[in-house]
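Visitor: Have a look at the structure that comes next, please.
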Protein chains: 2
Amino acid sequence: MATRTVLPTESQRALSTAAIRCLNVDNINSNVKAAKYAVRGELAVKAEEYRVKLAQGDKSLPFDSVIFANIGNPQQLDQKPITFFRQVLSLLENPLLLNNKDTLRATFGYQDDVIERAEKLLAEVQSVGAYSHSQGVPLIRESVAKFIEGRDGFSADPQSIFLTGGASSGVNTLLNVICNGPSAGVLVPIPQYPLYTATLSLLNAQCVPYHLEEQKAWGTDINTIKKSLEQAKAAGTDVRAVVVINPGNPTGASLSPEDIKSVLDIAAEEKLVVIADEVYQTNVFVGEFTSFKKRLRELQREAPTKYDNVELVSLHSVSKGMVGECGHRGGYFELVGFDPLVAAQVYKFISIMLCPPVTGQCLVELMVNPPKEGEPSHELYQKEYSGIREGLHKRALALYEAFQRMEGVECQEPQGAMYLFPTITLPPKAIEAAAAENRAADEFYCLRLLDATGVCVVPGSGFGQKENTLHFRTTFLAPGTDWVERIVKFHSEFMAKYK
Amino acid sequence: MATRTVLPTESQRALSTAAIRCLNVDNINSNVKAAKYAVRGELAVKAEEYRVKLAQGDKSLPFDSVIFANIGNPQQLDQKPITFFRQVLSLLENPLLLNNKDTLRATFGYQDDVIERAEKLLAEVQSVGAYSHSQGVPLIRESVAKFIEGRDGFSADPQSIFLTGGASSGVNTLLNVICNGPSAGVLVPIPQYPLYTATLSLLNAQCVPYHLEEQKAWGTDINTIKKSLEQAKAAGTDVRAVVVINPGNPTGASLSPEDIKSVLDIAAEEKLVVIADEVYQTNVFVGEFTSFKKRLRELQREAPTKYDNVELVSLHSVSKGMVGECGHRGGYFELVGFDPLVAAQVYKFISIMLCPPVTGQCLVELMVNPPKEGEPSHELYQKEYSGIREGLHKRALALYEAFQRMEGVECQEPQGAMYLFPTITLPPKAIEAAAAENRAADEFYCLRLLDATGVCVVPGSGFGQKENTLHFRTTFLAPGTDWVERIVKFHSEFMAKYK
């Protein structure tokens, strides 16, 4: 070990040289500076600081655990990974384990379908340590196509499927290709997952917001979309795409087939690319998920002339649903109706980053092609899957019931996704106190909540909300009811203080 | 399974609706269209088509295997992963294996340090399926800081380390923050790894090329950099950063401490951010690797006033070196001397994509903190590591010797990285034949090589080269000498044909 020399710390150095550096916060890319991403912003940073303090034995905080309800991260809380998935992945990581299959079976309970799947994937990828095809491993794209065909009843083409490092990187790719300058605009639902607005900021393109209807269970109103579109066009924006998050984030709302048709109608009439963020497609408690692809193909069958020009991209991910494998960064998107020359540019764009993580790609394969009835791992898979599903629904209902007990809080019944997004009505004194700190009132509320309880949620302003309304988004992933009661108690004290 | 309905194929649909779509290749983001990335371009696509044909039993091709020498992808060829790394990863993927440690030890040869490391990492990340901190798992950043301290003899701050999904995503982050508009420029060595030019195209920023000196073993000439810089400034470019790839890609050249000082001198005088791409830091056959960070700290100790304003970022990766785990997408960068407010913007930028793959992060930890002497896995680790290292050197020399036998081919002695980058002098008739196909002569040569031999290399034009010179880049990763002899035979026939 070489001698360690102590030099001024970064912060000391920062102070001494601030004036003579190349980069400062006022001369970097202004699009980066303008981008907002509250999900991992100030509140999340503070929550992490509290977590570290508690881990270091700090007893001065008024809570004994931090609850990260700011982000849909099931395995950070207590969701267990699905055994079949992880058994296969362990063999992909160390294929030498396959040298002793008897022990894998007898001691570790690896079923034959686990071993077969691992061998099949290994034969295709060679090693999970090798770069794959930039668009994703061919066999895995074929599995995805089969999954889509089974789900929708319409054919899917593996050549039109692009594996990604989570849906976020897919959205980044698509908006990079679609947005061709400062006048390009994209219709984005409000409230929305802030990936969309942040990426549009980075590209210096226009976010064209359309509000969802809170009073109609956060439904999509087609006239609202049309109005936003007309206003944007009148202002000189070249609106090129419409984003739909279905089921909704942060709202949990599921679109009906009729709502989906309305969006596709506008897309056909106005030549808009439809970006269907369908990562919560299995997180549905009320009604049934219908994919945009299925609905589009149905309409194309009924009225081909009208819908043949529709360009649709649908995104999916291993991070959500009952899979919940966020850390593995896997996902895909399917291009439907795109000009092949545009698809070739999409390919070139993603190839610059080489390929998505190969184990994440393999997880996509496992997600879309899980053990089937009669196969040895099916029973356990089904049990684990249903257990997670029921657990999420129970937690959503418990949280919803708690919100109903809270003064000034209104919440739509849980429908899907991983979140509730209640409205809060705060007393004028609280709003004044927030203004005195130069903060939005919902941000002020969420900060006080974190300081008092260790529960980290995200203010509604991070997702967008109608003027003069306040919300926050919380996941319902955390186990137990203790943290829910912490929120109830805090809220009642907060309301009393600012009455 | 729902009924499958056959609709027009994508290509049929494409023809019928080309005129009425929103997106076509002329109205998408022109920066995407302008970006070039030859490593996975036409040649790579064709090579993949040949591979598929061979796999399907096609006997019509004049070769029986495709050699992907276009990309540094060791585990696609025959490089085996390092056992210690993969044993730990298998436990991270399936922690239930830890329920029977005796069997892991007795049947599968997992040593105690494998089990301990897995337990330590699991305690920190909770699950590799959970999102981590956007900047990377804290414990892993601490390990990276210790590694840098051990390598350089100067302290490193975990807060300044950002884990990434491979070095490519790190470069993307940095250039996004640094480039603040169309007049921003970045000095890039020519030849270069085309990630740099492609990313600058995407950002509509200026690539300011500086040529490396082929006759001086592809060394960096400081006067060449200065000249490029002055020309760019005179043309109104705001030059903000200088990229150095050390050891070089595609050249393999290693910079001497004196060369590094020259670059740091310019950076200090001209207020340039230094982007040190050091992903090949362990792939050095000749001389010794010196990091930019170490050299900077030495100079700061000697002449603090002069060098205190230098902003340096150094990148590293699990994809290269003896690790070769490209598919896992792991890496890091260290910010040195950056304004903390700028670092905060870097953090926000990466947080929009949530976090790098967590198993890739864990591999970074294993790479920077491998088994130490006296630890149970050390002997095997050392044996595997040295075996890979010696194998690479032998292959490089064998390829180099073959090039010396080839008419019109000149090549610098292998120094490092994973590539050779020979000059080729082609007969005028070959250049005319290329022009008749509307192709650069080196591209024409590489296409004929692929068609005749199945060996895929990248034309020098993909990396940049001085006018009127021709090169190609080939990795020396493929095993055996058969493929080398295929190149020799092709070359002699090609030269005879166009004499």
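The values are calculated or read from the model by the stated rules, or taken from the named source; none is laboratory data. Since the structure is predicted, the reported quantities are computational estimates derived from the model, not experimental observations. Here the Cβ positions follow ideal geometry from the backbone for every residue, glycine too, while neighbour counts run over all protein chains shown. Heavy atoms of the whole protein, side chains included, go into the accessibility calculation; ligands, DNA and RNA do not. Shrake-Rupley method; radii C 1.70, N 1.55, O 1.52, S 1.80 Å.
Visitor: First check a/c for segment A:201-352, with a ≥ b ≥ c the square roots of the eigenvalues of its C-alpha gyration tensor; if it is under 1.5, answer rounded, and if not, answer prolate when a/b is larger than b/c or oblate otherwise.
Guide: In terms of gyration-tensor shape, rounded.
Visitor: Count charges around B:Arg117 for me, please; just the other residues with Cβ under 15 Å from its Cβ, Lys/Arg as +1, Asp/Glu as -1.
Guide: Values: positive: B:Arg86, B:Lys101, B:Arg105, B:Lys120, B:Lys146, B:Lys372; negative: A:Glu93, B:Glu93, B:Asp112, B:Asp113, B:Glu116, B:Glu119, B:Glu124, B:Glu142, B:Glu365, B:Glu375.
Its environment carries a net charge of -4.
Visitor: Compare the Cα positions of B:Val346, B:Leu299, B:Val323 along the charge dipole of segment B:294-441 (+1 at Cβ of Lys, Arg; -1 at Cβ of Asp, Glu; about the Cα centre) and return the one farthest towards the positive end.
Guide: Final value for the positive-end residue is B:Val346.
Visitor: Net charge near B:Ile222, counting Lys/Arg +1 and Asp/Glu -1 over other residues with Cβ under 15 Å of its Cβ?
Guide: So the surrounding residues net to -3.
Visitor: Okay, next question. So how exposed is B:Leu255, as accessible area in Å² (1.4 Å probe, rounded to 10)?
Guide: Counting only protein heavy atoms, B:Leu255 exposes about 10 Å² to solvent.
Visitor: Still on this structure: Roughly how many Å² of B:Trp218 are accessible to a 1.4 Å probe, to the nearest 10?
Guide: Around 20 Å² of this residue is reachable by solvent.
Visitor: I'd like the mean, over residues of B:462-471, of how many other protein chain beta carbons sit within 10 Å of each residue's own Cβ.
Guide: Average neighbour count from other chains, rounded to a whole number: 0.
Visitor: Express in whole angstrom the spacing between the alpha-carbon centres of segment B:16-79 and segment A:100-121.
Guide: Result: 35 Å between the Cα centres.
Visitor: Just to confirm the numbers: B:Leu341, label point 7 angstrom along the Cα-Cβ line, distances to the other copies in nm, shortest first?
Guide: 4.6
Visitor: Between segment A:436-499 and segment B:244-316, how far is it from one alpha carbon centroid to the other, in angstrom?
Guide: Their Cα centres are 48 Å away from one another.
Visitor: So how do A:Lys146, A:Lys320 rank on accessible area, 1.4 Å probe, biggest first, that is with the largest at the start?
Guide: Values: A:Lys146 130, A:Lys320 20 Å².
Ranking A:Lys146, A:Lys320 by accessible area, largest first, yields A:Lys146, A:Lys320.
Visitor: When you have a sec, figure out the Kirkwood radius of segment A:422-499 from all distinct Cα pair distances and drop it here in Å to one decimal?
Guide: Every distinct Cα pair counted, the radius reaches 12.9 Å.
Visitor: Here's something else I'd like to know. Going 7 Å from Cα along the Cα-Cβ axis for the label, what nanometre distances separate A:Glu124 from the same residue across the other copies?
Guide: 3.3
Visitor: In nm, to one decimal, how far is the modelled label at B:Ser183 from the one at A:Glu269, with both set 7 Å along Cα→Cβ?
Guide: 4.6 nm
Visitor: Among A:Ser254, A:Val188, A:Ala241, pick out the residue whose Cα is farthest towards the positive end of the charge dipole of segment A:167-295, where Lys and Arg carry +1 and Asp and Glu carry -1 on C-beta, about the Cα centre.
Guide: With unit charges placed on the Cβ atoms, the residue in question is A:Ala241.
Visitor: Based on alpha-carbon atoms only, what is the radius of gyration of the protein assembly as shown relative to the globular estimate 2.2 N^0.38 Å?
Guide: 0.93
Visitor: Normalised by the residues of chain A, what does the relative contact order come to in percent, with Cα pairs under 8 Å and at least six apart? Kindly include the intermediate steps, with their values, before the conclusion.
Guide: Details: 837 pairs, mean separation 101.4, N = 499.
Worked out over chain A, it gives 20 percent.
Visitor: I've got another one for you. Using a 1.4 Å probe and ignoring any ligands, DNA or RNA, find the accessible area of B:Asp451 and quote it in Å² to the nearest 10.
Guide: Near enough 40 Å² of accessible area.
Visitor: What gaps in nm, shortest first, separate A:Ser256 from its twins in the other copies when you place the label 7 Å past Cα toward the beta carbon?
Guide: Reported distances to equivalent positions: 7.8 nm.
Visitor: Okay, moving on. Any chance you could list the semi-axes, whole Å, largest first, of the equivalent ellipsoid that the Cα gyration tensor gives for chain A, using √(5λ)?
Guide: One finds semi-axes of 35, 31, 26 Å for chain A.
Visitor: Is the shape of segment A:269-370 best called rounded, prolate or oblate, per the rule: a/c under 1.5 gives rounded, else a/b larger than b/c gives prolate, else oblate, with a ≥ b ≥ c the square roots of the Cα gyration tensor eigenvalues?
Guide: Taking the square roots of the gyration eigenvalues as a ≥ b ≥ c, segment A:269-370 is oblate.
Visitor: Something else about it: Distances over 25 Å make up what percent of all Cα-Cα pairs in segment A:314-424?
Guide: Numbers: 2860 of 6105 pairs.
Percent of Cα pairs beyond 25 Å in segment A:314-424: 47.
Visitor: Rounded, prolate or oblate: pick one for segment A:107-213, where a ≥ b ≥ c are the square roots of the eigenvalues of its C-alpha gyration tensor, a/c under 1.5 means rounded, and failing that, prolate if a/b is larger than b/c, else oblate.
Guide: Numbers: a/c = 2.45, a/b = 2.18, b/c = 1.13.
Because a/c hits 1.5 or more and a/b exceeds b/c, segment A:107-213 counts as prolate.
Visitor: Another question, if that's okay. Which order do the peptides A:272-284, B:348-360 take when ranked by the mean count of other beta-carbon atoms within 10 Å per residue, highest first?
Guide: B:348-360, A:272-284
Visitor: With a 1.4 Å probe and all protein chains in place, put B:Glu493, A:Glu302 in order of accessible area, largest first.
Guide: The most accessible residue leads, giving A:Glu302, B:Glu493.
Visitor: Could you name the lysines in cross-link range of A:Lys101, using Cα to Cα under 17 Å and dropping any fewer than eight places away on the same chain?
Guide: A:Lys120, B:Lys101
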